[in-house]
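> One structure, pasted below without further comment.
The values are calculated or read from the model by the stated rules, or taken from the named source; none is laboratory data. Bear in mind the structure is a predicted one, so any value in this text is a computation, not a measurement. Note that we place each Cβ from the backbone using ideal geometry, even for glycine, and neighbour counts take in every protein chain shown.
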């Protein structure tokens, strides 16, 4: 700069800019199911405010990985008990900064649905669930029972392991029991003849 008399001076100043790390964004669907479980993952919502994302690294918790920003993956085995698979995304920006996000995926064997019935003369029939979850502790067996009695009547609830049903006419009815535990479903259909004999 110069003053009115022509004298000059200068000033040097160093301006330091700080890189902002990227923001990782990962979506995974579904997050619960039985093997083989195919999931869809998407990391395209990740962003960098002051640069660009140059790499994506996704690990699936079972030794497999991908460098694609979206795609599908299939789990062939159950996740360990009380230890879901950890799907982790790591994104890196153009100056080397990283960010991560994780989503847990639980892969479990579905419960085994089964039932018996008693007193199947015309009138009320007693249906008794014998369903179980082979991989769950004894106090964590079935979350919900859904009965379809084959005549348009249905009942659903957490305590309906035993139900009574009245049929108004004789015949053979396809009775379906669907049980749910830990987010996965088991199902069975049996032909029930009314009356029994």
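> Could you check region 165-178 and list, in sequence order, the residues that are modelled with pLDDT under 95 and surrounded by fewer than 17 Cβ atoms within 10 Å (Cβ to Cβ)?
166, 168, 169, 170, 171, 172, listed by residue number.
> Within region 71-79, is even one residue more than 30 Å from residue 186 (Cα to Cα) and surrounded by fewer than 16 Cβ atoms within 10 Å (Cβ to Cβ)? Talk me through it step by step, then tell me what you get.
Our first condition is that a residue be more than 30 Å from residue 186 (Cα to Cα); within region 71-79, this holds for none.
No, because not a single residue in region 71-79 is more than 30 Å from residue 186 (Cα to Cα) and surrounded by fewer than 16 Cβ atoms within 10 Å (Cβ to Cβ).
> Residue 146 is checked against (1) farther than 30 Å from residue 27 by Cβ; (2) surrounded by fewer than 21 Cβ atoms within 10 Å (Cβ to Cβ); (3) more than 20 Å from the chain's Cα centre (by Cα) and fails just one. What number does that condition carry?
The single condition residue 146 does not satisfy is (1).
> For residue 92, are the conditions met, namely being assigned by TED's automatic domain parsing to the domain that holds residue 40 and buried (at least 17 other Cβ atoms within 10 Å of the Cβ)?
Judged against the criteria, residue 92 is a match.
> Just for region 106-124: of the residues that are in contact (Cβ under 8 Å) with a residue 24 or more places away in the chain and outside any loop (DSSP other than H, G, I, E, B), which one is surrounded by the most Cβ atoms within 10 Å (Cβ to Cβ)? I'd like the intermediate steps shown before the answer.
Kept after step one, since they are in contact (Cβ under 8 Å) with a residue 24 or more places away in the chain, are these residues of region 106-124: 106-115, 117, 120-124.
Retained after the next criterion (residues that are outside any loop (DSSP other than H, G, I, E, B)): 106-107, 112, 115, 117, 123-124.
Values: 106: 20, 107: 23, 112: 13, 115: 21, 117: 17, 123: 13, 124: 12.
Taking the candidates together, the pick is 107.
> A further question on this structure: So if I check each of 102, 34, 65, which one is closer than 30 Å to residue 174 by Cα and in contact with a strand residue (DSSP E or B) (Cβ under 9 Å, 6 or more places away or on another chain)? Before the answer, list the steps.
Details: 102 fails: closer than 30 Å to residue 174 by Cα; 65 fails: closer than 30 Å to residue 174 by Cα.
When all the criteria are applied, what remains is 34.
> Of the residues 135, 144, 139, which is within 30 Å of residue 81 (Cα to Cα), out of contact with any helix residue (DSSP H, G or I) (no Cβ under 7 Å at 6 or more places or on another chain) and touching a residue at least 40 places away in the same chain (Cβ under 8 Å)? Show your work before the answer.
On the way: 144 fails: touching a residue at least 40 places away in the same chain (Cβ under 8 Å); 139 fails: touching a residue at least 40 places away in the same chain (Cβ under 8 Å).
Being within 30 Å of residue 81 (Cα to Cα), out of contact with any helix residue (DSSP H, G or I) (no Cβ under 7 Å at 6 or more places or on another chain) and touching a residue at least 40 places away in the same chain (Cβ under 8 Å) holds for just one of 135, 144, 139, which is 135.
> If you don't mind, another one. Of all residues in region 75-102, which are more than 11 Å from residue 28 (Cβ to Cβ), without any contact (Cβ under 8 Å) to a residue 60 or more places away in the chain and part of a strand (DSSP E or B)?
The one that is more than 11 Å from residue 28 (Cβ to Cβ), without any contact (Cβ under 8 Å) to a residue 60 or more places away in the chain and part of a strand (DSSP E or B): 75.
> Take region 147-159 and flag every residue that is in a loop (DSSP other than H, G, I, E, B) and either out of contact with any strand residue (DSSP E or B) (no Cβ under 9 Å at 6 or more places or on another chain) or without any contact (Cβ under 8 Å) to a residue 24 or more places away in the chain (or both). Working first, answer last.
Let us first name the residues in region 147-159 that are in a loop (DSSP other than H, G, I, E, B), namely 149-153, 158-159.
If the condition is that a residue be in a loop (DSSP other than H, G, I, E, B) and either out of contact with any strand residue (DSSP E or B) (no Cβ under 9 Å at 6 or more places or on another chain) or without any contact (Cβ under 8 Å) to a residue 24 or more places away in the chain (or both), then 151, 152, 153, 158, 159 are the ones that fit.
> Within region 125-139, can you find the residues that are surrounded by 13 or more Cβ atoms within 10 Å (Cβ to Cβ) and either assigned to a loop (DSSP other than H, G, I, E, B) or on the phi > 0 side of the Ramachandran plot (or both)?
Scanning region 125-139 gives 131, 133, 135, 136.
> Assuming residue 142 fulfils every condition listed in (1) assigned to a loop (DSSP other than H, G, I, E, B); (2) in contact with a strand residue (DSSP E or B) (Cβ under 8 Å, 6 or more places away or on another chain); (3) more than 21 Å from residue 32 (Cβ to Cβ); (4) at pLDDT 90 or above apart from one, which condition is it?
Condition not satisfied by residue 142: (3).
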